[in-house]
Amino acid sequence: MRLPLESIDTITEPQIRLRPRILNNTIGGLFVSQQISLFHGPERAPLSLLAHTVIVSAAKMKSASCVFLDSGTNFSTPLVKSLCHSKDESSQVLEKIVIAPVLGLADIVEKVEMLQDLGEVSIVVLDNLTGALNLTGAPGTKGRQRNLFGALDSVRRVINGLDTHVMITDHSSRNWTSGQPTPIGGNVLSHAVDSVVQVDRLRQGEDVVRLLVERCALPSIQPGVIVKIGTKGIRSIKSG
């Protein structure tokens with residue numbers, strides 16, 4: 001179940017601090033315990049790099065385990081190393097990250113249930129949900145949507161018990177009527193998460209990316225930010 005509205009004022013501190021500061025000011029506050037954040041966009045690369053950035057930031061901050069649920073071959077050890085300042089830091093970060101491959105929605109439920117055996121978990125990153133959906137059933141079928149509802153309900157129950165945060169990356173497609181990007185998973189997914197952030201490239205072939213906060217449970221937050229994103233991490237536009 002979602003947090004009741006009256007509990008919003010008692011939300012704990014975010015699990016991570018992001019760099020650059022302008023990125024942290026926009027989305028850093030979303031990563032609080034017992035909530036699910038959804039990041040969606042038309043391209044896999046920016047979403048996966050953002051997922052790596054978040055889990056590396058969490059691993060740097062806390063001694064607890066960080067879990068990367070990988071629906072394909074998304075996890076990149078070289079990328080993790082490039083996001084660290086030294087060889088020693090990258091070794092420490094990699095030791096904290098638990099990588100768990102997922103082959104469909106049922107596998108997500110199984111892996112999330114196993115998190116209870118890890119002890120303290122600072123964050124769970126699922127990269128990406130679309131891959132798990134495609135391994136579960138045909139797009140648009142009622143059976144796949146029912147399975148998605150059940151999987152997200154199980155995720156919610158487990159993270160409430162672990163007092164951790166789940167970040168989900170997901171592909172999006174344009175709505176034929178409105179022209180607006182819609183996350184794969186539709187209303188079932190949108191209603192099951194606490195915050196939704198759109199991630200898209202401003203110009204094709206360039207590394208300038210916009211993050212737009214479409215919905216969140218926080219009373220005040222910057223609505224969006226434009227940053228440069230690449231294999232060396234995320235940088236402010238002002239940094240050149």
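A simple spin-label model places pseudo-atoms 7 Å from Cα toward Cβ; at Asp200 and Glu120 they are separated by 4.1 nm.
Averaging Cα coordinates gives a centre for the stretch 87-117 and one for the stretch 46-75; these two points are 9 Å apart.
Sequence gap at least 6, Cα distance under 8 Å: using those rules, report the relative contact order of the stretch 159-198 to the nearest whole percent. Kindly include the intermediate steps, with their values, before the conclusion.
On the way: 22 pairs, mean separation 9.0, N = 40.
That works out to 22 percent.
Farthest towards the positive end of the charge dipole of the chain, among the residues Leu83, Gly137, Ala58, is the Cα of Leu83, using unit charges on the Cβ of Lys, Arg, Asp and Glu.
Counting lysine pairs in the chain whose alpha carbons fall under 20 angstrom apart, excluding pairs fewer than 8 residues apart on the same chain, gives 14.
Under 1.5 on a/c is rounded, so check that first for the stretch 191-240, then, if it is not, pick prolate when a/b is larger than b/c and oblate when it is not; a ≥ b ≥ c are the square roots of the alpha carbon gyration tensor eigenvalues. Cα axes put the stretch 191-240 in the prolate bin.
Between the beta carbons of Ser236 and Ala45, assuming R0 = 30 Å, the FRET efficiency works out to 0.95 to the nearest 0.05.
Which one of Val225, Val102, Asn25 is farthest out on the positive end of the charge dipole of the chain, using unit charges on Cβ (Lys, Arg +1; Asp, Glu -1) and the Cα centre as origin? Of the options given, the answer is Val225.
Computed with every protein chain present, the accessible area of Arg210 is close to 80 Å² [probe 1.4 Å]. For the stretch 131-139, putting each phi into the Karplus relation 6.51 cos²θ - 1.76 cosθ + 1.60 with θ = phi - 60° gives couplings of x, 5, 5, 5, 8, 9, x, 6, x Hz, in residue order, rounded to whole numbers and with x for Gly and Pro. Each listed q (0.12, 0.20, 0.28 Å⁻¹) maps to a log10 I(q)/I(0) for the stretch 127-191 from the Debye sum over equal C-alpha point scatterers, namely -0.33, -0.86, -1.32.
Okay, helix-only estimate at 222 nm for the chain: each DSSP H run of n ≥ 4 adds -39500 (n - 2.57), divide by all residues, round to 500 deg cm²/dmol; what do you get?
On the way: 8 runs with 85 residues, N = 240.
Mean residue ellipticity, 222 nm, calculated: -10500 deg cm²/dmol.
Rounded to the nearest 20, the Cβ-based charge dipole of the stretch 147-240 about its Cα centre (Lys and Arg +1, Asp and Glu -1) stands at 380 debye.
Which of the three applies to the stretch 36-138, rounded, prolate or oblate, going by the alpha-carbon gyration tensor with a ≥ b ≥ c and a/c under 1.5 meaning rounded? Because a/c hits 1.5 or more and a/b fails to exceed b/c, the stretch 36-138 counts as oblate.
Counting only protein chains, not ligands or nucleic acids, how are Lys96, Lys232 ordered by accessible area (probe 1.4 Å), most first? Present the calculation step by step, with values, prior to reporting the outcome.
Working: Lys96 50, Lys232 160 Å².
If we order Lys96, Lys232 from most to least accessible, we get Lys232, Lys96.
Multiplying the residue separation of Ser82 and Met61 by 0.36 nm and removing their Cα-Cα distance gives an extension gain of 5.8 nm. Largest GNM mean-square fluctuation across Gln34, Gln204, Gln222, computed for the chain with C-alpha springs under 10 Å, falls on Gln204. Helix screen, the chain: DSSP H segments with Cα axial length of 24 Å or more and mean Kyte-Doolittle hydropathy at least 0.0 are 44-61. For the chain, a Gaussian network of Cα nodes joined below 10 Å ranks His171, His52, His85 by mean-square fluctuation, and the top entry is His85. With a simple spin-label model that places each label point 7 Å from the Cα along the Cα-to-Cβ direction, the separation between Arg19 and Thr182 comes to 4.1 nm. Mind checking which of Glu113, Glu43, Glu206 has the largest fluctuation in a GNM of the chain, springs on alpha carbons under 10 Å? The residue that fluctuates most here is Glu206.
When +1 charges are put on Lys and Arg Cβ atoms and -1 charges on Asp and Glu Cβ atoms, the dipole computed for the stretch 1-160 relative to its Cα centre reaches about 340 debye. Counting only protein heavy atoms, what percent of the accessible surface of the chain is carbon or sulfur at a 1.4 Å probe? Reported share for carbon and sulfur atoms: 53 percent.
The values are calculated or read from the model by the stated rules, or taken from the named source; none is laboratory data. What you see is a predicted model, and the numbers here were worked out from it, not measured in a lab. Ideal geometry is used to build each Cβ from the backbone, glycine not excepted, and the neighbour counts take in all protein chains shown. SASA here: full protein model, heavy atoms, side chains in, ligands and nucleic acids out. Shrake-Rupley method; radii C 1.70, N 1.55, O 1.52, S 1.80 Å.
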